[in-house]
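A quick write-up on the structure given underneath.
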Amino acid sequence: MTTTGTTSERPGESGTGERPTEQGAPLLELRKVVKRFGPVQALTQVDLTVPAGQVTALAGDNGAGKSVLIKCIAGIHHPDGGQIYWDGRPVHIRTPREAAALGIETVYQDLALCDNLDIVQNLFLGRERTRFDLLNAESMEIAARETLQSLSVTTVRSIRQPVASLSGGQRQAVAIAKSVLWNSRLVIMDEPTAALGVAQTRMVLDLVRRLADRGVGVIIISHNMNDVFEVADRIAILHLGRMVVSGPISEFDRETVVDYMTSGRSSRTPRNDADAAADRGSPES
């Protein structure tokens, strides 16, 4: 567990599932990132490390700076200070198009889907494939079907089904499929299970894990601690615009996370390997 706004990883230290280009570098790293809106200090000296092939939960109370942080990564906001590293190399992400070019896709809470279009049209919206200056419907249908199959999305009746007819879980699955269709390496999800039922939440969490298992880095924002502890490999907690603690999820419990979210500190004893093994129902190896 790393506290007081610093992270223990640096380029040169590798975690499980990483696909570095600079030796041992994490997929994404933020160092001392600052963001201001006039007199309001939204982010203060924020450090964050996101390995490939792992799910990193970004937690914090309302107003902690979570949305601002992911928008800095997604190219919507430009940091006023600090540095973002991608594969160990410094980058400046000025627009969402530049983020997408790196392989960063974001699934916002409103999903940004068009109800009047079908699944294929939504997946390729703004990136339509053409042949001889005409829409190549067959190519898009094949790619859409293969992408949904690769994510084990089997509940939709047809890829030509209007999005307006889909359930909340199915719509979330389409939004996730849209993010991975373009060979993304980092997928950011903002409250992906909000307002979903039990079965739909299960489907979305399974999708999140499958993304990580494919080597994709995932950042997930969620207020649901059950979802966080089920799907995340790591957790990073913001409080009033500062990163107060980050580390493997096995080093935390729900009470400790709530302490950090609400006050920025915790007096509870960090979890150890025995605690994690007990929760998994298996003895330590």
### Cross-link reach list, lysines versus residue 32, counting only Cα pairs under 26 Å and skipping chain neighbours closer than eight places
66, 71
## Note on the structure
Quick calc of log₁₀ I(q)/I(0), segment 172-242, Debye, one scatterer on every Cα, no solvent, q values 0.23 1/Å, result -1.09
#### Entry: Cα centre as origin, Lys/Arg/Asp/Glu Cβ charges: segment 118-214 dipole, Debye
160 debye
### Query
Using the Cα atoms of segment 206-266 to build a convex hull, what is its mean projected area in square nanometres?
4.2 nm²
### Query
Long-range amide H contacts for residue 239: which residues qualify at under 5 Å (H placed 1.01 Å from N, peptide plane, sequence gap of 5 or more or a different chain)?
244
### Task
Using a 1.4 Å probe over the heavy atoms of the protein chains, calculate the carbon and sulfur portion of the accessible area of the chain as a whole percent.
48 percent
### Query
With a Cα-only, solvent-free Debye model of segment 26-106, what are the log10 I(q)/I(0) values at q = 0.11, 0.13, 0.14, 0.21 Å⁻¹?
-0.26, -0.37, -0.43, -1.00
### Query
Whole-Å semi-axes of segment 59-117's equivalent ellipsoid, largest first, each the root of 5 times a Cα gyration tensor eigenvalue?
22, 17, 9
#### Entry: Accessible-area order (highest first, 1.4 angstrom probe) of the listed residues 72, 114
114, 72
### Message
Under a Cβ-only charge scheme (Lys and Arg +1, Asp and Glu -1), can you give me the dipole magnitude of the chain about the Cα centre, in debye to the nearest 20?
### Response
600 debye
### Task
Would you mind calculating the relative contact order of segment 51-150 from Cα pairs under 8 angstrom and at least 6 residues apart, reporting the percent as a whole number?
15 percent
### Query
Based on DSSP, what percent of beta bridges with both residues in the chain are antiparallel, to the nearest 5?
60 percent
### Message
Positive end of the dipole of segment 78-140, charges at C-beta (+1 Lys, Arg; -1 Asp, Glu), about the Cα centre: which of 139, 114, 82 has its Cα farthest in that direction?
### Response
82
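Rolling a 1.4 Å sphere over the protein heavy atoms, what is the accessible area per residue of the chain, to the nearest Å²?
47 Å²
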### Query
Rule-of-thumb check for the chain: C-alpha Rg over 2.2 N^0.38 Å?
1.02
### Message
With angles folded into 0 to 90 degrees, how steeply does helix 254-263 sit against the dominant principal axis of the chain? Use alpha carbons for both and round to 10.
### Response
80 degrees
## Note on the structure
Shape call for segment 108-267, from the Cα gyration tensor axes a ≥ b ≥ c (a/c under 1.5 means rounded, otherwise prolate when a/b beats b/c, else oblate), comes out prolate
### Summary
Taking Lys and Arg as +1 and Asp and Glu as -1, residues besides residue 101 with C-beta under 12 Å from its C-beta add up to +1
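Please tell me the relative contact order of the chain in percent, rounded to the nearest whole number, where contacts are Cα pairs under 8 Å and at least six residues apart.
25 percent.
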### Task
Consider just the alpha-carbon atoms of segment 34-190 and return their Rg together with their Dmax, both in angstrom.
17.6, 53
### Task
Counting only C-alpha contacts under 8 Å and six or more residues apart, can you give the relative contact order of segment 124-181 as a whole percent?
32 percent
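The values are calculated or read from the model by the stated rules, or taken from the named source; none is laboratory data. Being a predicted model, the structure only gives us computed values, none of them experimental. Cβ: placed from backbone, ideal geometry, glycine included. Neighbour counts: every protein chain shown. For accessibility, only protein heavy atoms count, side chains too; no ligands or nucleic acids. Shrake-Rupley method; radii C 1.70, N 1.55, O 1.52, S 1.80 Å.
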